[in-house]
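The values are calculated or read from the model by the stated rules, or taken from the named source; none is laboratory data. It should be emphasised that the depicted structure is a prediction, and the values quoted were computed from it without experimental measurement. Glycine gets a Cβ as well: all are built from the backbone with ideal geometry, and neighbour counts include every protein chain shown.
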Amino acid sequence: MAYSLEQRFWCQRVLRFGFAFVCVCLGGYIVGPTSLLWRLKDKSRPQVSCLPCVCDCSSHTDDFFLTPGLADNTYSGCGQNDPDLNQELEKDTVALLSEEIALQKIVSKETMDRTSALTMDAKRASSHYQKEAEKCNAGVETCEEAREWAEAQLREELKRTALWEQRARQLGWKDRKRAYT
């Protein structure tokens, strides 16, 4: 049973409206609630991942520092519960500086060793490529000499061929190729 033109028009309109409605709903779902939900989740998370410091170190801010990053041992109230921090604070400045120098020496030695190894690798590769280039140059020279010898042989052969053709023509020989052209 065929539909009338008016029924087909309404059917197409309903399909278009349904498709547009689904697209709008899908777009709203992707853009709206999920991003809003993510924003709410981000705001609900605590911004600080560790507990705040309970010590009062502000009274010692007027004290001077011996070197950048190293404070003197007057901060006895800060970090009493942290054993690593206590161990670092118990060290004197000379020990800290000598430890820092020793660490810098180790790092510089490792860097120098790595640089030396890379330099040796580069020298080996350079030597290898230089030997290969010398082999290539020797091969090119040999090929050039062979080409020159072949050219000389070809010139001699052409001279002999011309001489034999000349003698053959003197004796009455006619070239068939030239006779037809």
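Okay, residues lined up against (1) surrounded by 10 or more Cβ atoms within 10 Å (Cβ to Cβ); (2) modelled with pLDDT of 75 or more; (3) in contact with a helix residue (DSSP H, G or I) (Cβ under 6 Å, 6 or more places away or on another chain):
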| position | (1), (2), (3) |
| --- | --- |
| T34 | yes, no, no |
| L70 | yes, no, yes |
| T93 | yes, yes, no |
| E99 | yes, yes, no |
| E110 | yes, yes, no |
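Among the residues of the stretch 140-152, is there at least one that is free of Cβ contacts under 8 Å to residues at least 40 places away in the same chain and under 38 Å from the mean Cα position of the chain (by Cα)? Checked the stretch 140-152: at least one residue is free of Cβ contacts under 8 Å to residues at least 40 places away in the same chain and under 38 Å from the mean Cα position of the chain (by Cα). Only a single item in (1) surrounded by fewer than 10 Cβ atoms within 10 Å (Cβ to Cβ); (2) under 60 Å from the mean Cα position of the chain (by Cα) is not met by Q170, and it is number (2).
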